[in-house]
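Before any comments, here is the structure.
The values are calculated or read from the model by the stated rules, or taken from the named source; none is laboratory data. Everything numeric in this text was worked out from a predicted model, so none of it was measured. We place every Cβ from the backbone using ideal geometry, glycine too, and count neighbours over all the protein chains shown.
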Amino acid sequence: MASDVISMIKEDHRDVESLFERLQKMPENRPALLAELAAKFVAHARAEERKIYPLLAKRRPDEKEEVHHGEDEHHEAEEILAQLLAADPDGPEFDTVLQELISAVSHHVEEEETEILPALEKAVPPDERAKLGKVFSRLKAEELQTPPKPRQRSKEELLRAAEEAGVEGRSSMSKEELLTAIKAAKQS
């Protein structure tokens, strides 16, 4: 088992990818696999947001925008995860929402592994990354003490995402309308 925080994050990414594969190939196990995915994904994201991302933003101010983007992607994936948790595991919408989640998380993982983690490696020396790995593991364990629930973005966060996506008329939209418009803008 790796102790360097970067290796630990990448191991978590591979674990989530494996859970996605099992969710697709083993529909009879979906309830248990989905509970495992939700717990692991949310604990991982929250631990990154509590310790890893703020440290990187502090050490590398030029990475603040990428860190912010990574947090937004976590929040977007958590919203999709909440939809998946509410879907019937045997229903047709489950596969559609699962594919949406896989796409969102795969995109995030690719960006994190090519942008954020290399910047973290440059900003934090190896001995400190090992200590950070212990903190990351402890924070995930704390999150797993109570089953984590995916969080919903605030209206302010949705407005910012809508602005970044170029959504017109966003200031007069409800949260649901913003979610729909952001999703549509990303698909176009």
(request) Can you confirm whether the stretch 83-96 contains a residue that is assigned by TED's automatic domain parsing to the domain that holds Ser18, surrounded by 14 or more Cβ atoms within 10 Å (Cβ to Cβ) and outside any helix (DSSP H, G or I)? (result) yes
(message) Just to check your reading of the model, which residue among Leu19, Leu56 is part of a helix (DSSP H, G or I) and either among the β-branched types (Val, Ile, Thr) or in contact (Cβ under 8 Å) with a residue 40 or more places away in the chain (or both)?
(response) Leu56
(request) Please specify each residue of the stretch 156-176 satisfying the condition of being of a type in the set (Asp, Glu) and closer than 18 Å to Glu78 by Cα. (result) Glu156, Glu157, Glu176
(message) Looking for something out of contact with any helix residue (DSSP H, G or I) (no Cβ under 6 Å at 6 or more places or on another chain) and polar (S, T, N, Q) - is there at least one such residue anywhere in the stretch 81-88?
(response) no
(request) Any chance you could count how many residues in the stretch 1-14 are modelled with pLDDT of 95 or more and exposed (fewer than 15 other Cβ atoms within 10 Å of the Cβ)? (result) 2
